[in-house]
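See below for the structure under consideration.
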Amino acid sequence: MVFSSPQFLFLFLPFVLLLTAWGSLCYQNVALIACSLAFYYYSGGELIWLLLFSCGANWLMGLILDHSRSRLALLAGVLVNVGILVYYKYANFIVSEINRWAHGTRWEIPQWSAVTLPIGISFFTFQGMSYMLDVWRRETRAYRNPLDILLCISFFPHLIAGPIVRINHLGQQLRQRSRSLDDMCAGASRFLWGLAKKVLIADYCARVADAGFGSDADTLPPQAAWLALLAYTLQIYFDFSGYSDMAIGLARLFGFRFPENFNHPYASVSITDFWRRWHMSLSQWFRDYLYIPLGGNRGPKFAHYRNVLFVFLVTGLWHGASWTFVLWGLYHGILVACEHALGLHKMEDDHRFATPRRALTLLLVMGSWVLFRCKTFGDALMFFQALGGRFHHQYVPVHVIDLMDLQTFLALAFGVTSFFARREGTGGRWIEAGTPRAMPFRWAMMLLVYPVILGQMFATNYSPFLYFRF
């Protein structure tokens, strides 16, 4: 059940809003738990038991750590979460690699049954680990009521694809929150803003990206390759930032405040700046729970660069079980390390040569999306060759030309405007502010954009979010 589906918009969401429109916060919390578990069961089926196990294990380990602050208990809790993630997300990849290298030997693993990847596992395991670490650090107290942990982790707006909302951020809101008319209007406007990003931009860009990356790279002219790469660059941003906007808006509808997850990443002036603006909840998680404990930028420069490379290696693995994700992570890690070595990471507020720096950063990011999108090194290499190939007389393959209708062209054109956004902009946050400037936009979203979105939703097939598979 995706946020952009009629089932969610016309059945699930209205039902949950009505169910939680009255009663005490305790009643609303229990109702939200029940609805969130139903939401996950509809999406993930019987693997809901893994979500419940993860919540129960982290609740129990939190109590133990709050009482004893035992390093052994902390290690056990981390191993449980990492073990779940490794088995369900990487077991198939590990077994396939063992069999590939041990083909024809006695080390080959016979009759392996593929493991089904539970939806949202990367997000709820990271959220559970951050809770345990915060309790161990004495940054928060353990929650005695297991329902509090269950709601914080399973709350349906962020359960499937983030943002990674830390439990200590939501804890106080479980018992002290309000839901005013302005909250409802602000949440609905932010949700529609994200829905428009997904349905009117990302889905149209996806058609061009899929056609280009799905073509034979040997015969793909560079014009078509660059068009496909541009489309994918826009698709992944508007798809994921659209989901984050919808999650933030949905949470606001129920009185919760989520942290921002994007801040004009394609306006970055360096790769370091990009990672401060892209998927900010994940970047902050790795900074606080991996980079700083490893030593951060303290100590000798070699240790600093080692820490940067290791964090980005893990970042790549977090996104997927594939060597292309490993290379994607190392690619960004090497670029960030080089920027730190040259001092370029300190020039973010320096307006000299800002435009060429933004253009170079965007080009480097687009190059990394080739690794992110392609399934193998060979596919990525062939696509890079297509990008740098000789220009053909034919502009793009016929099957790509057929997709370039007016709606697709407008989606690409509007998406490109994100490249020229002001770096100090606030994304969709001003929509929630309730300022006079935001009110006409809210009405336009309700009266003009929403009918267009509905028409597009009913006219197209099911379109999942890209980050569902992470």
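Please tell me if residue 327 is open to solvent by 20 Å² or more (accessible area, probe 1.4 Å), within 25 Å of residue 96 (Cβ to Cβ) and either in contact with a Cys (Cβ under 8 Å, 6 or more places away or on another chain) or part of a helix (DSSP H, G or I) (or both). Reasoning before the result, please.
Numbers: open to solvent by 20 Å² or more (accessible area, probe 1.4 Å): yes; within 25 Å of residue 96 (Cβ to Cβ): yes; either in contact with a Cys (Cβ under 8 Å, 6 or more places away or on another chain) or part of a helix (DSSP H, G or I) (or both): yes.
It is true that residue 327 is open to solvent by 20 Å² or more (accessible area, probe 1.4 Å), within 25 Å of residue 96 (Cβ to Cβ) and either in contact with a Cys (Cβ under 8 Å, 6 or more places away or on another chain) or part of a helix (DSSP H, G or I) (or both).
Note on the stretch 209-301: enclosed helices (runs of 4 or more DSSP H) holding 2 or more residues that are of a type in the set (S, T, N, Q) and either open to solvent by 20 Å² or more (accessible area, probe 1.4 Å) or modelled with pLDDT of 90 or more (or both) are 222-253, 280-286. Each residue in the stretch 29-50 was checked for being open to solvent by 40 Å² or more (accessible area, probe 1.4 Å) and either over 22 Å from residue 239 (Cβ atoms) or among the basic types (Lys, Arg) (or both), and 6 pass. Among the residues of the stretch 1-28, write down those that are in contact (Cβ under 8 Å) with a residue 24 or more places away in the chain, open to solvent by 20 Å² or more (accessible area, probe 1.4 Å) and among the polar types (S, T, N, Q). Hit for the stretch 1-28 is 28, nothing else. Each residue in the stretch 117-174 was checked for being open to solvent by less than 20 Å² (accessible area, probe 1.4 Å) and in a helix (DSSP H, G or I), and 28 of them qualify. Residue check: residue 448 meets all listed conditions (1) surrounded by 11 or more Cβ atoms within 10 Å (Cβ to Cβ); (2) modelled with pLDDT of 65 or more but one, namely (1). State whether the residues of the stretch 335-358 include one that is without any contact (Cβ under 8 Å) to a residue 24 or more places away in the chain and open to solvent by less than 10 Å² (accessible area, probe 1.4 Å). No, the stretch 335-358 has no match at all.
The values are calculated or read from the model by the stated rules, or taken from the named source; none is laboratory data. Given the structure is predicted, the values throughout are model-derived calculations rather than measurements. Glycine also receives a Cβ, built like all others from the backbone with ideal geometry; neighbour counts cover every protein chain displayed. Please note that ligands, DNA and RNA were not included when accessible areas were found on the heavy atoms of the full protein model with its side chains. Shrake-Rupley method; radii C 1.70, N 1.55, O 1.52, S 1.80 Å.
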